1. Would you kindly find the accessible area of Arg126, with a 1.4 Å probe and non-protein molecules such as ligands, DNA and RNA excluded, rounding to the nearest 10 Å²?
2. Pop out the carbon and sulfur fraction of the accessible area of region 219-297 as a percent, whole number, probe 1.4 Å.
3. Given a 1.4 angstrom probe, what's the average accessible area per residue across region 281-335, in square angstrom?
4. Using a Förster radius of 45 Å, what is the FRET efficiency between Leu303 and Val395 based on their Cβ-Cβ separation? Nearest 0.05, please.
5. Where a ≥ b ≥ c are the square roots of the eigenvalues of the C-alpha gyration tensor, would you call region 235-331 rounded, which needs a/c under 1.5, or, failing that, prolate if a/b is larger than b/c, or oblate?
6. Mind giving me the nanometre distance, one decimal, between the label points for Ala164 and Arg266, set 7 Å out from Cα along Cα→Cβ?
7. Pop the C-beta distance of Trp104 and Arg131 into the FRET formula with R0 = 41 Å and round what comes out to the nearest 0.05.
8. Order these peptides, 85-94, 254-263, 333-342, by their mean beta-carbon neighbour count within 10 angstrom, highest first.
Amino acid sequence: MTAAAPPDWRATLRGAVRPPLRQRRFWVVQVLVILLVALHAGAALGGWLRPLGIPAAATLPLLLLPVLYASLNFGLPGSLATAAWVTALMIPTLALSDAAPARWVDAGQLLALDAVAAFVGQRIAREGAARWQAAAAARAHQLAEARYRALFGSNHAPILVTDAGGSVAEANPAAVRLFGRDPRGLTVAALLGPGTTAEREGRPGAVLTLQGPDGAARALRVETTTVDPGGAVRQVVLQDITGELRDQHRVQSYAARVVNALEEERRQLAEVIHDEALQMLIHLGRRLEGLAGSPSLPPDTGLALIEAARQAMTISSDLRTLVQGLRPSVLDDLGLVAALPRLGRDVERTAGIPVTMEMPDRVPRWPTPVELACYRIAQEALGNVAQHARATRAVVRLQDRGGQAHLLVADDGVGFRVPPTPEAGQLGLVGMTERATGLGGRVRMRSSPGRGTVVALTLPARAPGPGAGVAGAPRPVPAASR
């Protein structure tokens with residue numbers, strides 16, 4: 001139900017000339033006006049009250065009674081109509097009166113009566129409009145309160161309303177089910193744990209883990225809003241995101257398995273090409289070179305064999321480059337500090353862009369997934385520099401700070417507008433983000449048109465245990481010189 005709009009002043013003026021003719025009480029008032037006017041006419045013209053010592057002018061103020069009654073009961077339309085009726089009935093008396101002073105007294109009182117009728121009627125109308133607005137506001141407030149109560153009670157998310165002292169004043173049924181009891185009277189810190197401070201509650205998107213009455217752990221996102229302008233009363237909404245996090249973990253786990261499977265396929269393919277096809281081509285090229293030098297062959301045949309040997313060596317060089325792109329052996333053998341400079345030299349050779357490597361002299365070996373993620377992200381970033389950036393130089397910086405791997409790739413190219421989310425960007429950005437997220441890290445990208453691009457990677461470089469394969473225990477490896 002919606003409240004109707006209050007009447008405006010134009011409508012009020014139009015209604016002022018429309019007296020309530022259909023109401024019996026209005027006509028009773030008009031009959032009383034006739035009787036009082038008749039009394040005044042008899043006193044003024046016939047001298048009815050002269051034996052009693054009452055002057056005729058004393059009867060005219062009695063007409064205020066019906067005017068005021070009409071104002072209080074019928075508002076401005078009733079007061080104006082009654083005053084007009086009084087004026088119309090008084091005109092004959094004023095015209096027939098012989099005494100000029102009495103006539104002017106009656107006329108003055110009549111004007112005062114009309115003024116009182118207009119003033120009182122207008123005030124009554126204004127107060128009526130104010131009462132109407134107050135009633136409409138009260139109805140709207142009641143409606144909003146009813147809607148809030150309905151949402152508050154039916155919401156599946158637990159909701160707590162705290163008072164100025166920080167104690168729970170209200171809790172919806174979902175909150176009672178979450179805590180297994182009525183939490184009213186308890187503080188939020190007592191319900192959510194001693195580590196839950198007001199700052200944590202107020203931080204947007206803060207997530208905490210709470211064990212429910214059934215013993216199951218639930219992940220809750222805490223959203224706090226202030227209810228009153230002073231900020232003393234707050235509403236705490238606890239959104240259960242256990243299923244959301246479970247699905248997110250499942251997706252990340254699947255993505256990590258896909259990446260690991262892809263890397264394993266690359267490694268196996270690189271090994272097959274390197275150990276079989278590449279070695280056979282190199283052997284074939286050398287055999288052809290040996291046959292071409294035989295003195296028993298015709299010169300044309302020798303030249304053809306030399307050309308075939310050169311082609312075999314070219315194909316083997318291309319295969320070696322392909323093997324390095326699939327899975328560089330130097331990454332597994334010597335680590336990231338040896339593989340990144342070689343990657344930079346490849347960019348310099350193919351795109352002509354100088355790449356500066358900034359790495360400490362000694363860097364511990366990190367777990368294979370961490371080194372591989374750093375290498376692939378650097379490979380993707382430098383590939384974008386070579387293909388799209390139109391840069392004059394690039395910088396690759398690798399650091400080990402407090403057990404975390406920090407990789408930075410920057411260029412001075414044309415830059416671009418970074419999408420609001422990785423999913424809205426190119427596939428390469430999505431791949432970098434997924435690789436970092438799967439290992440508990442993150443990728444940040446800063447760029448703008450004409451300002452170059454910076455790709456910053458942070459990964460937790462957890463030290464592997466003994467016997468961890470190629471990752472092994474951390475061992476210092478000197479950075480490769482360029």
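1. 120
2. Values: 2900 of 5220 Å².
Looking at region 219-297 in its full context, I get 56 percent from C and S.
3. Details: 3350 Å² over 55 residues.
Ligands and nucleic acids excluded, the figure is 61 Å² per residue.
4. On the way: r = 48 Å, r/R0 = 1.06.
For R0 = 45 Å, the calculated efficiency reads 0.40.
5. Prolate is the answer for region 235-331, as a/c is 1.5 or above and a/b outweighs b/c.
6. With each label placed 7 Å out from Cα toward Cβ, I get 6.3 nm.
7. Working from the Cβ atoms, E equals 0.55.
8. Values: 85-94: 17.1, 254-263: 13.7, 333-342: 20.3.
Taking the mean over residues of other Cβ atoms within 10 Å, the ranking is 333-342, 85-94, 254-263.
The values are calculated or read from the model by the stated rules, or taken from the named source; none is laboratory data. A quick note: this is a predicted structure, and the numbers were derived from the prediction, not measured. Glycine gets a Cβ as well: all are built from the backbone with ideal geometry, and neighbour counts include every protein chain shown. Accessible surface is based on the protein model in full, side chains and every heavy atom, while ligands, DNA and RNA are left aside. Shrake-Rupley method; radii C 1.70, N 1.55, O 1.52, S 1.80 Å.
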